[in-house]
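Please read the structure below before turning to the comments.
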């Protein structure tokens, strides 16, 4: 059975990383959250004082950034110059700046081939905002995870241990609204739904429900391709 290349897109805090990682584990695939690459470049730019209007400087940082497998084999650890900085790239400062860095086309071009190389051998669930539309337009399966901004803000607030209805929670909501606008309106690789994507709306879903929906979609395509090839999925 041919192992699929799965593109998993969606807006910030829609569950791409957690759902994608769990679904990949369930079907025996690798998982890559490409947003970590952009977060790593953003963090490194701030750490080294490289401004967002210096595309050459930003591109020069790409070579120092790498993704490494965690204990489950997921490409979920950020390594910069040999040191693990996974926790650093999840900071509010990176949250605020990553859209601007992601909009620099030179940075996207520098990371594009690296992402494609990771998926080239199949058996990969790759999550991001432009995977099905730009990075892997020929993916075997494209899934778009969607959720309302209020639902996504609630999840992020709970992850950070803050009251969703309090000032910190409201700040998270507004930050997500700004990020959505920037992602959807940027000139290069804007966030959009691929025409052939399966849309899974996760508002009100239990975590396990969304995982099951993604796993089911993967198994459906595996079965269809096996049937077309005259075999049976294993």
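FYI, it's all coordinate maths here, none of it is from the lab. Everything numeric in this text was worked out from a predicted model, so none of it was measured. So basically every Cβ, Gly included, is an ideal-geometry build from the backbone, and we count neighbours across all protein chains shown.
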For this session: Please give the number of the condition residue 187 fails out of (1) part of a loop (DSSP other than H, G, I, E, B); (2) surrounded by 14 or more Cβ atoms within 10 Å (Cβ to Cβ).
Result: (2)
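Among the residues that make up the stretch 84-97, is at least one of them part of a strand (DSSP E or B), buried (at least 16 other Cβ atoms within 10 Å of the Cβ), touching a helix residue (DSSP H, G or I) at 6+ places or on another chain (Cβ under 9 Å) and free of Cβ contacts under 8 Å to residues at least 60 places away in the same chain? Explain how you work it out, then say what you get.
Taking the stretch 84-97 as the starting set, the residues that turn out to be part of a strand (DSSP E or B) are 84.
Adding the requirement that they be buried (at least 16 other Cβ atoms within 10 Å of the Cβ) leaves none.
Looking through the stretch 84-97, none of the residues is part of a strand (DSSP E or B), buried (at least 16 other Cβ atoms within 10 Å of the Cβ), touching a helix residue (DSSP H, G or I) at 6+ places or on another chain (Cβ under 9 Å) and free of Cβ contacts under 8 Å to residues at least 60 places away in the same chain.
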For this session: Could you check how many residues of the stretch 160-176 are exposed (fewer than 12 other Cβ atoms within 10 Å of the Cβ) and in contact with a helix residue (DSSP H, G or I) (Cβ under 7 Å, 6 or more places away or on another chain)?
Result: 1
Seminar exercise, completed: Those residues of the stretch 141-159 which are in a loop (DSSP other than H, G, I, E, B) and buried (at least 18 other Cβ atoms within 10 Å of the Cβ) amount to 147
Seminar exercise, completed: Output for Cβ contacts, cut-off 8 Å, separation at least six or different chains, first residue in contact (Cβ under 8 Å) with a residue 60 or more places away in the chain and on the phi > 0 side of the Ramachandran plot in the stretch 182-201, second part of a loop (DSSP other than H, G, I, E, B) and surrounded by 15 or more Cβ atoms within 10 Å (Cβ to Cβ), reads 189/129; 189/130
For this session: Mind listing whichever residues of the stretch 149-181 are farther than 22 Å from residue 100 by Cα and in contact (Cβ under 8 Å) with a residue 12 or more places away in the chain?
Result: 150, 151, 154, 155, 157, 160, 169
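Please specify each residue of the stretch 60-79 satisfying the condition of being crowded, with 18+ Cβ neighbours inside 10 Å and more than 19 Å from the chain's Cα centre (by Cα). Let's see the steps before the verdict.
Initially, the stretch 60-79 is screened for residues crowded, with 18+ Cβ neighbours inside 10 Å, giving 61-62, 65, 67, 74-76, 78.
Result: 61, single match.
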